[in-house]
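Heads up: the structure comes next, in structure tokens.
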Amino acid sequence: MTEATGIVGEFLSLKEETEADLLAMQCGDFYEFFAADAETVADELDLKLSQKSSHGSSYPMAGVPLDDLTPYLKALVERGYRVAVADQYETDSGHAREIVRVVTPGTLLETSDADAQYMAAIVADSSARGDDPAYGLAFADVTTGRFLVAEAEDADEALTELYRFDPVEVLPGPEVRSDDDLLGLVRERLEATLTLHETEAFAPKRASHAVREQFGDGTVDRLGVGESAVAAAGAVLDYVEETGAGVLASMTRIQAHRGDDHVTLDATTQRNLELTETMQGEREGSLFATIDHTATSAGGRLLKEWLQRPRRSLEVLERRQASVGALSTAALARDELQDVLGEAYDLARLASKASHGSADARDLVAVRETLAALPAVADVVAANPDLADSPLAEILERPDRDAARELSETIEEAIADEPPSTVTQGELFRYGYDEELDEVIERHEEVREWLEGLADREKRRHGLSHVTVDRNKTDGYYIQVGKSAADGVPDHYEQIKTLKNSKRFTTDELEEKEREMLRLEERRGDLEYELFEELREDVAMRAELLQDVGRALATVDALASLATHAAENRWVNPALHEGDRLEIEQGRHPVVEQTTEFVPNDVRLDDNRGFLVVTGPNMSGKSTYMRQVAAIVLLAQIGSFVPAKSAEIGLVDGIFTRVGALDELAQGRSTFMVEMSELSNILHTATEESLVVLDEVGRGTATYDGISIAWAATEYLHNEVRAKTLFATHYHELTGLADRLPRVANVHIAADERDGDVTFLRTVRDGPTDRSYGIHVADLAGVPEPVVDRSRDVLERLREEKAIEAKGGGSSEPVQTVFDVSSGQFRGAANTDGGSPKSNAEDDDAGALDAETERVLEDLESVDVNETSPVELLSKVQEWQRTIEE
Ligand code: ADP
Ligand code: MG
């Protein structure tokens, strides 16, 4: 292939320079993609592909108009591509081009999504020993300026932190890059683009320098995190700078996120509990969508963050509860807050836009209006004694209210009420803001007025009818006179154009005014743009203030939303404590109760009863019951009220849920392998203070395997992990565990059976299910009588904890499998050596052998083949056969 030259050659060599997946290069009024990039883009965005010939070769080409780049970029980045943008600039010898920005999922500023948009870096600490954290992480949202660092003891914990923030882009540190297991899980579980940023950016010295430079000298000490977390933070800063996002100024604060302040909630659990989207991937029907009544997008974002990161601190939660409680009984104040907050914009996002230099005058008006919402909210709170006494008052005191008022006044004095969206063409500022500008404005208005009055003046002065004065691009300003009057124009009129029904003229005076007008417009545009940039920089300098005010408003919004939901759905304030007791009286599922006549249910767990085996027929409500318990605990740990008549909730350090692969398979999601690795993760990670919900775990494999795994997992959770556990199972065998393990108890979902119909009562009762509805269903479905009878028989034996032997048919070998309930194990019983079934035979009539057979077996055992002649053996066998046949 020939070396590409010309514009394509330039494109390809710029492409070499960047790590980005795609390059958009400005060529005049277009951004063009060439070669393979053009094909990708055309494919992804449905663009027309054309050919560009360059020195004898032809290359695919796709382009978008200059002004339309943003939506295309957004679409590409949201599909996971990193796109470099090269702008064209003038040189002495023509044009040159240079990459000015790389837009990536984590640095996209033009998002219209209200969700947080985190970028993460993860760095392994190879020298970590013992309890040292093995990973450092950093999370940054360029759209809001939020920046956090975290540490994790091992890879699992690191993944949990990553799940928690659900980043759109991940920068793995140098060592993590060769950790295929970890990267594999990141790829599998997160919808994040993996970016290999230059390794030097992760170097401890350079990284800590970058962190100190950005956040101040004492930062590293204050954070109290290790080298790897600082390296992660430094790498993120470096990356943000290098991509040219230009938002470093809005990153005003770095905070250490401590996992142990938060309830562990991994990705699978978030999905199973349908926190932010349903299993089908819909937002509607998720827990968040159900409880979200926020008035602002920042409030919604915060509420979602609370749900994804529930808290463990009793103090924090009780403070939130106090605010929710006060708001829940103040319906009128809530309405007022909704009204005020309805006028508020997303301050954190606006701060970021100001820092980036993309905020326009309307954005500054939005800043002003939102800053003004703070005192308005404070007034509502102050006017209601309950609210004034609640922690809400303190939340509103946190931002610097005077500084907020000052900034708001500054913007108010500067920017016109309804400024245009362009910032280069003037008319943004009020008269009186700047003396120099005022002069220009005055003169500008004078000329404008002169031009506006010109038509009337000309009519009067020269006795003309049908005169208009207007301007367009080609003719500039002109006097247009209707055809009938066109012949009577005075001599100094100079004709410039003839139209069908009229003629256009100009005069020396008009031309002079036109020149002045253009000069003034340009002057005003330039001056205002200069002033605007200054003002925008002032606002950007106050990024931290904007973030503070935004946070306070969002917090009030989120708390008011919780209160609204509690009041409208008769939720109650749960009593929180640090013990083990979990007692929910008449609990409901927060989402299902919205659409169903819900039958409330109790749950009780404590020191002596820490593990519930939940049985009940298919579709009776087992999964709903368990999810309801998990959701109630989770809601309690964000400070919310809960759907119940009353609730006492011992705080947990983690919530773990797993759904058996069979149920998951129906959703086309999972495999048995995944089910098991998730189970393994729970058994490793859950603690005595966790809540574990297992739904039909073990179901993804053959019954025997399944029961065995479920059995062993139960023992382990009960004896070793000691987590509060709810385990729904259709393996009736597991109900026997309650007799063997002290803290295991059975509950079942009651159903009523009459005249061959099963009615689900949806009520949870103590004890195991009293019958198998599976067999009942088999009977109803017309399964042959002997099969139904035999299964009843087998069930009966299982229930009486007796071994079952499989029946051999006809002359075929009686291959047998025995489920030994006492040991919870299976063993083959076909080739019994005589000793094996004995342990059961002693206490099991049905499995016992009659006396004759027993004698034969003993005889058989005692025969020494080496000492016995073949004839003798043959006669013995004949004798045995006779004995058995009798
Ligand atoms: P299982 O897990 O036992 O098969 P599910 O929990 O999936 O049953 O529930 C089956 C159906 O019953 C669901 O449609 C659910 O909405 C409904 N349901 C469950 N519990 C209740 C309840 N307490 N009140 C009303 N409907 C319920
Ligand atoms: Mg179920």
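The length gained on full extension between ARG792 and LYS48, counted as 0.36 nm times the residue separation minus their Cα-Cα distance, comes to 261.0 nm. Computed from Cα atoms, the angle from the helix 851-862 axis to the main principal axis of the chain rounds to 90 degrees.
Annotation: extensible slack from ARG471 through ASP68 equals 142.3 nm (criterion: 0.36 nm per residue apart, minus Cα-Cα distance). Its relative contact order, with pairs defined as Cα atoms under 8 Å and 6+ residues apart, puts the chain at 8 percent.
With the convex hull of the Cα atoms taken as the outline of region 470-523, the averaged projected area works out to 3.8 nm².
When each of the peptides 176-183, 243-250 is scored by the mean number of other C-beta atoms lying within 10 Å of its residues, the order from highest to lowest reads 243-250, 176-183. A simple count of charges around ARG604, restricted to other residues whose Cβ falls under 15 Å of its Cβ and scoring Lys, Arg +1 and Asp, Glu -1, yields -2. Just the protein heavy atoms count here, and of the accessible area of the chain at 1.4 Å, carbon and sulfur take up 45 percent. One quarter of the convex hull surface built on the alpha carbon atoms of the chain amounts to 59.3 nm², the projected area averaged over directions. Amide hydrogen proximity for LEU576: with H placed 1.01 Å from N in the peptide plane, the residues at 5 or more positions away or on another chain lying under 5 Å are ILE649.
Counting only protein chain heavy atoms and rolling a 1.4 Å probe, the accessible areas of LYS473, LYS15 rank, largest first, as LYS473, LYS15.
In terms of packing, defined here as the mean over residues of other Cβ atoms within 10 angstrom, the peptides 95-104, 513-522 line up highest first as 95-104, 513-522. When peptides 862-870, 189-197, 412-420 are ranked by their average number of other Cβ atoms within 10 Å per residue, the highest-first order is 189-197, 412-420, 862-870. Angle of helix 180-189 to the longest C-alpha principal axis of the chain, folded into 0 to 90 degrees and rounded to 10: 70°. In the context of the full set of protein chains, residues of region 155-197 present 41 Å² of accessible surface per residue (probe radius 1.4 Å, heavy atoms only). Averaged per residue, region 485-638 has 44 square angstrom of accessible surface, using a 1.4 angstrom probe with ligands and nucleic acids left out. Accessible surface area normalised per residue over region 286-358 is 35 Å², counting heavy atoms of protein chains with a 1.4 Å rolling probe. Taking the Cα centre of the chain as the origin and placing charges on Cβ (Lys, Arg +1; Asp, Glu -1), which of LEU302, GLY106, GLY579 is farthest toward the positive end of the dipole? Going by the charge dipole, the pick is LEU302. Near SER57, no amide H atom lies under 5 Å from its own; only residues 5 or more places off or on other chains count, and H is placed 1.01 Å from N. Would you list, by chain and number, the aspartates and glutamates whose Cα falls below 15 Å from the Cα of LYS205, excluding same-chain residues fewer than 8 positions away? By straight Cα distance, LYS205 reaches ASP125, GLU213, ASP217, ASP221, GLU227, ASP238.
Taking a 22 Å limit on the Cα-Cα distance, which of the listed pairs LYS74/LYS353; LYS473/LYS513; LYS459/LYS503; LYS459/LYS497; LYS622/LYS724; LYS304/LYS622 fall beyond it? Correct reply: LYS304/LYS622.
Here the chain carries DSSP beta bridges of which approximately 65% are antiparallel, counting only pairs with both residues inside. The residues packed around ASP864, meaning those with a beta-carbon under 15 Å from its beta-carbon, carry a net charge of -4 if Lys and Arg are +1 and Asp and Glu are -1. Using DSSP to define loop residues, name the GluC sites (Glu not before Pro) in region 560-654 whose beta-carbon has at most 10 other beta-carbon atoms within 10 Å. Sparse-neighbourhood loop GluC sites (Glu not before Pro): GLU578, GLU597.
Helical runs (DSSP H, four residues minimum) scored at -39500 (n - 2.57) apiece and divided by the length of the chain put the mean residue ellipticity at 222 nm at -14000 deg cm²/dmol.
Here the Karplus relation 6.51 cos²θ - 1.76 cosθ + 1.60, evaluated at θ = phi - 60°, turns the backbone of region 437-451 into coupling constants of 5, 4, 4, 4, 4, 4, 4, 4, 5, 4, 5, 4, 4, 4, 5 Hz, with x for every Gly and Pro.
Between LEU612 and THR725, LEU726, PHE727, ALA745, the built amide H atoms are under 5 Å apart, and every one of these is 5 or more places off in sequence or on another chain.
The values are calculated or read from the model by the stated rules, or taken from the named source; none is laboratory data. From a predicted model like this one, the values you see are computed outputs, not experimental measurements. Please note: Cβ atoms are built from the backbone with ideal geometry, for glycine as well, and neighbour counts cover all protein chains shown. Quick note on the areas: whole protein, heavy atoms, side chains included, nothing else; ligands and nucleic acids left out. Shrake-Rupley method; radii C 1.70, N 1.55, O 1.52, S 1.80 Å.
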